[in-house]
Structure formats: structure tokens, C-alpha cells
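Got a structure for you, written out below as C-alpha cells; questions coming shortly.
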Amino acid sequence: MATMNEQPKAQPFTFDLGHLMCIDTNPLPSLTTATADKEAILAATAQACAQGLINQLLTACPIVRSSDGDLQIKLPAPTTELPREKPVPKEKEQTKWDRFALKKGIRPKKKEASGKLVYDEEKGDWVPKYGYKGKNVDGGGDWLVEVDDRAEKDKKAEKVKAMGAVAEGVRGGTGKVKKYRKSR
């Protein structure tokens, strides 16, 4: 769809459909043209490239229907080799331990196999077995706990009875715990 003041392109576009790339080798407007004209020419060039790429995709690539019922365009392999910023990394040299482990058939343990996480039904999430926010914490998340005075007194009484029974068994005495004073 060329307008009257557009001239036909000297060279047609080249396409790399694998990268969805359209290359226009025709020269862009010079720096001496007005800014408004440059913007209009650049917009028209970009539109022509996009339209050419879409036309090329629809005519050259097979269109298939997926199992979901969607239409998909199968792209060919890329033809343009894109440069890398950095060279391809070299394969790491094996350490002495790695060579020994390979020779003896030793494999590293998986972290999940050690069983550090357990599923908590109350929270509905995986939590650590022990430690911070772990499954073993019983009511550790309560920031305020009510203290039962009777239960505390009963515990103290049981302790005193137990100490009396120990003292009675050791000394064979009356069961009373004697208090000793420091001599001056």
C-alpha cells in the first residue's frame, strides 16, 4: 500500500523468520531533512517492515491448530547467527574429589532426601522439622500465655515432696530437709 510520494524500494527486505527479524538495507533519511519529515519517514519505514514481516510469516510458515484449538505458526530455524556478549563458558575441570567419587560411584545426597521439611496439616504448608517456625515448636508462637496459679502451686508441692522423698531415702531420716547455715 504505497502512497504517491513514496518511491519504490531499491532493495527488497531480507527476513529471518526464526528470529522474527526484517532487515531493510535501504538508506535512512539524511540529517539535513526536517525533524517532522524524519519522524514520518521512520514511521512509514517501520510500518512497511512490520507489514512485510507479517505477510512473510503468513505466506511462508505453516499454520497448525494445537490440541487446545488455538492456531499457531511454526517458525523455521533461525538463519542469522546472533553474537554473544561473552564467550561460551568452558567446561569446569573435575576436582580430585569429583574424579574419586566418579571412580568409586559415590553420588551426592539430595537435600530433599534428608527430610528437612515436613507437611503441616494445620498450616497447610511445608515447614522445617526443627528450628525457627518448625513443626517441633509446641505453642512457641503464642506471645501471651495465661498462667494457672493452682497448677503452679501443685507443681511446687510435688517438687517439695519429691525432694523430701529423696532426702529420706538418702539419709534414712524423717523426710524433712535440713537447712544448713554457713559458719562465720
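Want the number for ASP37 to CYS61: 0.36 nm per residue separation, take away the alpha-carbon distance, what's left?
This chain segment gains 5.1 nm when fully extended.
Please list, in order along region 60-74, the HN-Hα scalar couplings obtained from phi with the Karplus expression 6.51 cos²θ - 1.76 cosθ + 1.60 (θ = phi - 60°), rounded to whole Hz, x for Gly and Pro.
9, 9, x, 9, 10, 9, 7, 5, 7, x, 7, 8, 10, 9, 7
Now for a separate question. Could you derive backbone 3J(HN,Hα) for region 149-164 from the dihedral phi with the Karplus parameters 6.51, -1.76 and 1.60 (θ = phi - 60°), listing whole Hz in sequence and x where the residue is Gly or Pro?
Rounded to whole hertz, the list is 5, 4, 4, 5, 5, 5, 4, 5, 5, 5, 5, 5, 4, 5, 5, x.
Give me the distance in nm between label points sitting 7 Å out from Cα along the Cα-to-Cβ direction at LYS90 and ALA50, one decimal.
4.7 nm
Cβ under 13 Å from LYS153's Cβ, LYS153 left aside: what net charge do those residues give with Lys, Arg +1 and Asp, Glu -1?
With Lys, Arg at +1 and Asp, Glu at -1, the net is 0.
Per residue Cα convex hull volume for region 14-73, in cubic angstrom?
Working: hull volume 5.8 nm³, N = 60.
Measuring per residue, one finds 96 Å³ for the Cα hull of region 14-73.
Taking amide H positions as placed in the peptide plane 1.01 Å from N, state which residues far from MET21 in sequence (5 or more) or on other chains have amide H under 5 Å from it.
ASP16
Moving on. Give me the net charge for the shell around ARG99: Cβ to Cβ below 13 angstrom, other residues only, Lys and Arg +1, Asp and Glu -1.
On the way: positive: LYS92, LYS96, LYS103, LYS104; negative: GLU93, ASP98.
Here the count lands on +2.
Taking the alpha-carbon distance from LYS135 and a cut-off under 19 Å, which aspartates and glutamates remain once sequence neighbours fewer than 8 residues away in the same chain are dropped?
LYS135 reaches GLU112, ASP120, GLU121, GLU122, ASP125.
Related question: Which of the peptides 61-73, 39-51 is most tightly packed, and how do the rest follow, judged by the mean count of other Cβ atoms within 10 Å per residue?
My ranking of the peptides, most packed first, is 39-51, 61-73.
All other residues with a Cβ under 14 Å from the Cβ of GLY18 taken together, and with Lys, Arg as +1 and Asp, Glu as -1, what is their net charge?
Residues near GLY18 contribute -1 overall.
Let me ask you something else. What are the residues whose amide H is under 5 Å from the amide H of VAL118, where those residues sit 5 or more places off or on another chain and H is modelled from the backbone?
Close amide H contacts, sequence-distant or interchain: VAL127, LYS129.
What nm distance separates the two modelled labels at VAL145 and THR79, each placed 7 Å from Cα along Cα→Cβ?
7.6 nm
Rounding to the nearest 20 debye, state how big the charge dipole of region 26-104 is about its Cα centre with +1 on each Lys and Arg Cβ and -1 on each Asp and Glu Cβ. Please list the in-between numbers first.
Working: 11 positive and 9 negative charges, 166 e Å.
About 800 debye.
Readers should treat all values here as calculations from the given coordinates under stated rules, not as data from a laboratory. Note that the coordinates shown come from a computational prediction; the quantities given were computed from them, not determined experimentally. All Cβ positions, glycine included, derive from the backbone under ideal geometry; neighbour counts span all protein chains shown.
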